[in-house]
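Working notes for the structure below.
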Amino acid sequence: MSERACKICHRVTEEKECEVCKNKDLTRNWKGVLTVYDPESVMGKKGEYTIPGRYALQVF
Ligand SMILES: [Zn+2]
């Protein structure tokens, strides 16, 4: 798996830096994916995921 997860916001990306917070501290050690289509409706966690995309459920 070539995708990595941002250690700060958990965004999953194939790039070298996080598209959301521009963090370069990415890890391959992550598990589970949450796909966000509508950030306002995600599990009542309003504000936590502000940009649609894929996020790791667990980052180690
Ligand atoms: Zn990030």
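In the set (1) surrounded by 11 or more Cβ atoms within 10 Å (Cβ to Cβ); (2) away from the ligand (no atom under 11 Å from the Cβ); (3) at pLDDT below 95, W30 fails one condition alone, (3).
Please work out which residue is most open to solvent (accessible area, probe 1.4 Å), limiting yourself to segment 1-14 and to residues that are within 11 Å of the ligand (Cβ to nearest atom) and in a loop (DSSP other than H, G, I, E, B).
I8
The values are calculated or read from the model by the stated rules, or taken from the named source; none is laboratory data. Worth saying up front: this structure is predicted, and the values here are computed from it rather than measured. Cβ atoms come from the backbone with ideal geometry, glycine included; neighbour counts cover every protein chain shown. Accessible surface is based on the protein model in full, side chains and every heavy atom, while ligands, DNA and RNA are left aside. Shrake-Rupley method; radii C 1.70, N 1.55, O 1.52, S 1.80 Å.
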